[in-house]
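Q: The structure's right below; bear with me while I get my questions together.
The values are calculated or read from the model by the stated rules, or taken from the named source; none is laboratory data. Given the structure is predicted, the values throughout are model-derived calculations rather than measurements. Note that we place each Cβ from the backbone using ideal geometry, even for glycine, and neighbour counts take in every protein chain shown. Each accessible area value is taken on the protein alone, full model and side chains, heavy atoms only, with ligands, DNA and RNA left out. Shrake-Rupley method; radii C 1.70, N 1.55, O 1.52, S 1.80 Å.
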Amino acid sequence: MLRLALKMLFGDSAKYLMLVAGLAVATFLMAQQTAVFCGLMSWTKSTLKNVPAPIWVVEDRVEQVNETNPLLDTDVARVRSVSSVAWASPLYSGIQRVRLESGSFKVIQLIGIDANTLAGAPAKMLGGDLMKLRLPHSVIIDDLGVQRLASKRGEKVGLNDVFEINDQEARVVGIADAVTSFTGGPYVWTTYERALQYVPAQRKMLQAVICAPREGVSLDQAIADIRRETGLKAFVNREASFEEFLGQMRGQPTTNFNVSTVWWYIKNTGIPISFGITVIVGLMVGIAVSCQTFYSFVLENMRHLGALKAMGTSNSTLCLMLITQAFTVGIIGYGIGLLGTAGFAFAALKNEQPPFYMPEFVPFAVLAVILGICTLAALMGIWRVSRLEPAMVFRS
Amino acid sequence: MSTPDDLKIAAKLRGIQKSFGDGESRIQVLKGIDLDVRSGDITMLVGPSGCGKTTLISIIAGTLAADEGQLTVFGQDLRRLSPAGTTRFRAKNIGFIFQAFHLIPTLTCVENVSVPLLIQGISHSKAEKKAKEVLEKVGLAERFHHRPSQLSGGQQQRVAIARALVHEPRLIICDEPTAALDAHNGHIVMELFEHVARGQDRAVLIVTHDNRIFHHANRIASMDDGRVIEVHDVDAAHPPPDHLSVHERL
């Protein structure tokens, strides 16, 4: 009987295609928008990825990594003086403008790291030599900068190419692999001292101190010591877990800079609302199109279902037929929608924009929602069929 | 003790009553029906529109419950069965031919005819094999994989008949089986029913207004205003009313 149910479904090609299209669009909207949102949120903490230090020390009111609230230069020494700290280095991080050879300007994320230790340097070099960063006017750019900082569209910036930051020469000595910044601009690394030369002078220029704990001291212990002994705020820099975000939702304070950064954007910007509305629209499209079309499909087949019931098909078999039909279009629609999302992801990752990051739970969550929609649609049909009197088939 | 006549009775109705609605809008459709439907016979149920024929066959088929009276189908009191039991009984013992055929448009002839066997849990391959055999018997061997929309009205009715016969039910209930057919196709269909009833000893109950087919009947039960007002046994000595409906004659 289930095979017949599927034949009945596929035979009504207009409704079948409408159902599949509705669920595919719903899947695409929900999965793609969630992934773009997660991608955007991962971009907010890209500086933490690109400056791989285990502990970040910032001014007490700082809540997220892109917030600039400078420290005193002497704060580096204060952090170094904490007994549980192995090493500590100054860090500059800020948005600057680059003037290209063509005269046009581009926005960059400038990172200034300690010239002696090179702590905070990119973890993976794609070309050039990290050590040359100590040479005069040297910078390292990321792979996005190779395209973005070129004078003409389609050209690429190579080693030893030159551009200007605040009228001062910057020569490319290396190319690094990096995560794209929240502003979409490329990362440019230089030494801390040179970064201060590039940037218009201010009374306080130190954005953060990056450091690591001594061997045998845990990160949590180290940040507690730094906090206690310096009065500065210290965060650990580690991958955020789902539980940590749940803790933030419950109002528990976090010591993870990644969680704190992402949560700040969720709380203080309209980004989640904007993406959330699109996801809800996807859900509504799915519910409206699927339930309405499936119910109409059931109504159109009511006389045939009545005939089946009169011929001895049990209510449970009819229900199973409807569930099979609903879940079949659900799975097919979900598959097509996810395929569309994969296509979008492929293009996004290739072009490095828009941001795209799909956590593992997203496809499962979307599948659960789609099957929920299908269950709702099937239940509407089941409700109608359960009230169907088989005697109706004798009334012409 | 059962008499030979009792053994021939497929459906026995005594004092069947049925009403619809409540209060002032309550309408009594059947007002005490007594009727025997015999195996090996074609029994026709005739009467004007609204006299209760459709309600009566719905009750005999077990798709509608009577308010009062006794109904046994092949000795089984349907009122003693649960809804699921009635459904199973119907699936096994009763074949249906509907006025509007009710063939599923997206299925082929073979698939449509297989339905009653699939309902009984018979495997797809066995059901299709049996369906093809029955379709061959009704002269549709060339139309196995056609859909209903590709068939004429007469051919669709023959598919519906094949569907009603495929699981070898002992009682076949037909609602206006020739209403949508021309005289030639109507004659073919009735010959099929004669073969089924007399050749295979099954009971065929036909609701009809079509006096062209009265001569195929063994018995004609005339209904009016919720009652069976006459049962006319058709034989050589008592031919069916010619060219006039029984109701008009009465």
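Q: Per 10 Å bin, what is the whole-percent P(r) computed from every C-alpha pair distance within segment A:50-239?
A: For segment A:50-239, the pair-distance distribution reads 10, 37, 33, 16, 4, 0.
Q: Still on this model: Normalised by the number of residues in chain B, what is the relative contact order in percent for Cα pairs under 8 Å and 6+ residues apart?
A: For chain B, the relative contact order is 27 percent.
Q: Output the relative contact order of chain A, whole-number percent, from Cα pairs under 8 angstrom with separation of 6+ residues.
A: 29 percent
Q: To the nearest 0.05, how large is the calculated FRET efficiency for B:His146 and A:Phe10 if R₀ is 22 Å and r is the Cβ-Cβ distance?
A: 0.80
Q: So how do A:Arg148, B:Arg158, B:Arg170 rank on accessible area, 1.4 Å probe, biggest first, that is with the largest at the start?
A: Output order, biggest surface exposure first: B:Arg170, A:Arg148, B:Arg158.
Q: For the modelled label position 7 Å from the Cα of A:Gln202 along Cα-to-Cβ, which residues of segment A:90-132 have backbone nitrogen atoms closer than 19 Å?
A: Inside the label zone: A:90-98, A:107-114.
Q: Given R₀ = 25 Å, FRET efficiency for A:Val107-A:His137 by Cβ-Cβ distance, to 0.05? Walk me through the numbers on the way to the answer.
A: Numbers: r = 20 Å, r/R0 = 0.81.
According to the calculation, E is roughly 0.80.
Q: Another question, then. With runs of 4+ DSSP H residues as the only contributors, calculate the mean residue ellipticity of chain A at 222 nm using -39,500 (n - 2.57) per run, divided by the residue total and rounded to the nearest 500. Please report the intermediate quantities before stating the final value.
A: Details: 13 runs with 201 residues, N = 396.
Rounded to the nearest 500, the figure is -16500 deg cm²/dmol.
Q: Another question, if that's okay. Rounded to the nearest 10 Å², what accessible area does A:Lys204 have for a 1.4 Å probe in the complete protein model?
A: About 60 Å², ignoring ligands and nucleic acids.
Q: Just read off the accessible area of A:Asp220 with the full protein assembly in place, 1.4 Å probe, to the nearest 10 Å².
A: Its heavy atoms expose roughly 80 Å² to the probe.
Q: Which value in nm describes the separation of the simple spin-label points at A:Ala342 and B:Arg80, placed 7 Å from the Cα toward the beta carbon?
A: That separation, rounded to one decimal, is 6.1 nm.
Q: So if we plug the beta-carbon distance of B:Asp201 and A:Ile280 into 1/(1 + (r/R0)^6) with R0 = 41 Å, what FRET efficiency do we get, rounded to 0.05?
A: That pair, B:Asp201 with A:Ile280, gives E of 0.05.
Q: How big is the antiparallel share of DSSP beta bridges in chain A, given as a percent to the nearest 5? Don't skip to the answer; put the middle values down first.
A: Details: 35 of 46 bridges.
Taking every DSSP beta bridge within chain A, about 75 percent pair in antiparallel fashion.
Q: Moving on. Would you list the membrane-span-like helices of chain A, meaning whole DSSP H runs whose alpha-carbon atoms span at least 30 Å along their axis and whose mean Kyte-Doolittle value is at least 1.6?
A: The answer, listed by residue number, is A:271-300, A:361-386.
Q: May I have the extent of the alpha carbons of segment A:46-88 along their three principal axes, as whole Å values ordered from largest to smallest?
A: In descending order, the Cα extents are 29, 21, 14 Å.
Q: A:Asn69 versus A:Gln292, label points 7 Å from Cα toward the beta carbon: distance in nm?
A: Output for this residue pair reads 5.0 nm.
Q: Evaluate the distance, in nm, between pseudo-label points positioned 7 Å from the Cα of A:Gln353 and of A:Glu300 along their respective Cα→Cβ axes.
A: The two pseudo-label positions are separated by 4.5 nm.
Q: Same structure, new question: Once ligands and nucleic acids are excluded and a 1.4 Å probe is used, how much of A:Phe361 is accessible, expressed in Å² to the nearest 10?
A: Estimated to the nearest 10 Å², A:Phe361 gives 110 Å².
Q: Compute the long axis of helix B:83-93 from its Cα atoms, compare it with the longest principal axis of the Cα atoms of chain B, and write down the angle in degrees, 0 to 90, nearest 10.
A: Compared with the principal axis, the helix lies near 60 degrees.
Q: If I build a Gaussian network model for chain B, linking alpha-carbon pairs within less than 10 angstrom, which residue out of B:Thr86, B:Thr43, B:Thr106 has the largest mean-square fluctuation?
A: For chain B, modelled as a Gaussian network with Cα springs under 10 Å, the answer is B:Thr106.
Q: What is the sum of charges around B:Val37, taking Lys and Arg as +1, Asp and Glu as -1, for the other residues whose C-beta is under 12 Å from the C-beta of B:Val37? Could the numbers behind the result be given before it?
A: On the way: positive: B:Lys8, B:Lys12, B:Arg38, B:Arg170, B:Arg202, B:Arg219; negative: B:Asp34, B:Asp36, B:Asp41.
So the surrounding residues net to +3.
Q: Let me ask you something else. Quick one: work out the % antiparallel among DSSP beta bridges in segment A:50-239, nearest 5.
A: Roughly 80 percent of the DSSP beta bridges within segment A:50-239 come out antiparallel.
Q: Using a ≥ b ≥ c from the Cα gyration tensor of the protein assembly as shown (square roots of the eigenvalues), is it rounded, prolate or oblate, where a/c under 1.5 gives rounded and otherwise the larger of a/b and b/c decides, a/b for prolate?
A: Prolate is the answer for the protein assembly as shown, as a/c is 1.5 or above and a/b outweighs b/c.
Q: Sticking with this one: Of the listed pairs A:Lys45/A:Lys233; B:Lys8/B:Lys92; A:Lys106/A:Lys156; B:Lys8/B:Lys132, which have alpha-carbon separations greater than 26 Å here?
A: Beyond 26 Å: B:Lys8/B:Lys132.
Q: A follow-up question, please. Do you know the relative contact order of segment A:50-239, to the nearest whole percent, from alpha carbon pairs under 8 angstrom that are 6+ apart?
A: About 37 percent, as a whole number.
Q: Put A:Glu164, B:Glu191 in order of accessible area, largest first, 1.4 Å probe: what do you get? Show your work: numbers first, answer last.
A: Values: A:Glu164 60, B:Glu191 95 Å².
Result of the area sort, largest leading: B:Glu191, A:Glu164.
Q: Still on this structure, I have one more. Using a 1.4 angstrom probe on the protein heavy atoms only, could you order A:Met358, A:Met321 from most to least accessible area? It would help to have the intermediate numbers written out before the result.
A: Numbers: A:Met358 55, A:Met321 5 Å².
Per-residue accessible area, sorted high to low, gives A:Met358, A:Met321.
Q: Quick one: go through segment A:74-111 and flag any residue whose amide nitrogen is under 13 Å from the point 7 Å out along the Cα-to-Cβ line of A:Lys152.
A: Those under the cut-off are A:102.
Q: Note the direction-averaged projected area, equal to a quarter of the hull surface, for the Cα convex hull of segment A:272-385, in nm².
A: Over every viewing direction, the Cα hull of segment A:272-385 projects on average to 8.1 nm².
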